[in-house]
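A short worksheet on the structure shown next.
The values are calculated or read from the model by the stated rules, or taken from the named source; none is laboratory data. Keep in mind the model is a prediction, meaning the values are calculated, not measured. When we count neighbours, we look across all protein chains shown, and the Cβ atoms used for this are built from the backbone with ideal geometry, even at glycine.
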Amino acid sequence: MAKSIKLRAKAKDGVATVKALISHPMETGLRKDKKSGKPIPAEFIQEVVCESGGKTVLSAQWGSAISKNPFISFKFSGAKSGDSIKVSWVDNKGNSDSIDSKIK
Amino acid sequence: MNHNRRTLLKGSLAAGAVGAAVSAGLLTPKAVMAAWAKDAFEAKEVGAAMKGSMGSADATSSDKIKLKAPDIAENGAVVPITVTSKINGTTNMSILVAENNTPLTSTYELGPNTEAYISTRVKMGKTSEVIAVIKADGKLYSTKKEVKVTIGGCGG
């Protein structure tokens, strides 16, 4: 699939800056449908994992308080251009997605 | 009618969204790295949330952590937060919003080469202190910043 993640990773002086934008509704479960008055069920990403060269660089646990269409940026050293990078997420409904890319 | 089956169904329904989430999580083929810290994310108080996510509620205030957040957030649904730590050996980071229903927004485990820098966007229900907590060498450090919210981001 991999359509839900936009990933950009750039290496400069051995430090890679990773930026990822995920399209996801991030429903808290507290919001109510304005028309029917029924609560909208919670749907949010719980885990985001980033790997580069087979090693986990960052593993994040998210709650429902992360904004809709989440953005995350982080840096790691020891990276060079052409290294593989993979970002994946799992949400509370068990949906998941991942993307493989290369560091620029 | 099989009564046991009924009870089971009811029980699983009552467990609610989180229960469903856990079972759904178990059914996914992808191995879940670490168990999602349910208690910490559902905690209503900052202390409990910190204990759940970082292991303790005691954190030393430190100016070596930089928390970049707007002074005034026009839209509480999207508040950009950047946390940078200059403390050596930072291994974990958490971002909390004190006045939210559930203060813990997210927690991060950094790899050995990962720099202590995280930038993301969080929701804020109302004007609140944003707290960044980091763990370095097993000790906790934190820093705070108040962000004024004009339109809340939780609830419709």
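Brief remarks follow.
- Residue in segment B:58-74 that is touching a Gly at 6+ places or on another chain (Cβ under 7 Å) and either under 24 Å from A:His24 (Cα atoms) or charged (D, E, K, R) (or both) present: no
- Selection from segment A:26-79 of residues that are more than 7 Å from chain B (Cβ to nearest Cβ), surrounded by fewer than 18 Cβ atoms within 10 Å (Cβ to Cβ) and over 20 Å from B:Val97 (Cα atoms): A:Asp33, A:Lys35, A:Ser36, A:Gly37, A:Lys38, A:Pro39, A:Ile40, A:Gly53, A:Gly54
- Residue within segment B:92-108 that is modelled with pLDDT of 85 or more, farther than 20 Å from A:Ile66 by Cα and surrounded by 18 or more Cβ atoms within 10 Å (Cβ to Cβ) present: no
- No other residue among B:Lys144, B:Lys148, B:Lys123, B:Lys86 is surrounded by 24 or more Cβ atoms within 10 Å (Cβ to Cβ) and among the charged types (D, E, K, R) apart from B:Lys123.
- You will find that of A:Ser36, A:Ser59, A:Ser64, A:Ser81, the residue that is part of a loop (DSSP other than H, G, I, E, B) and touching a Phe, Trp or Tyr at 6+ places or on another chain (Cβ under 9 Å) is A:Ser64 and no other.
- Residue within segment B:87-104 that is outside any loop (DSSP other than H, G, I, E, B) and of a type in the set (D, E, K, R) present: no
- Tally of residues being at pLDDT 85 or above and at positive phi across segment B:53-80: 0
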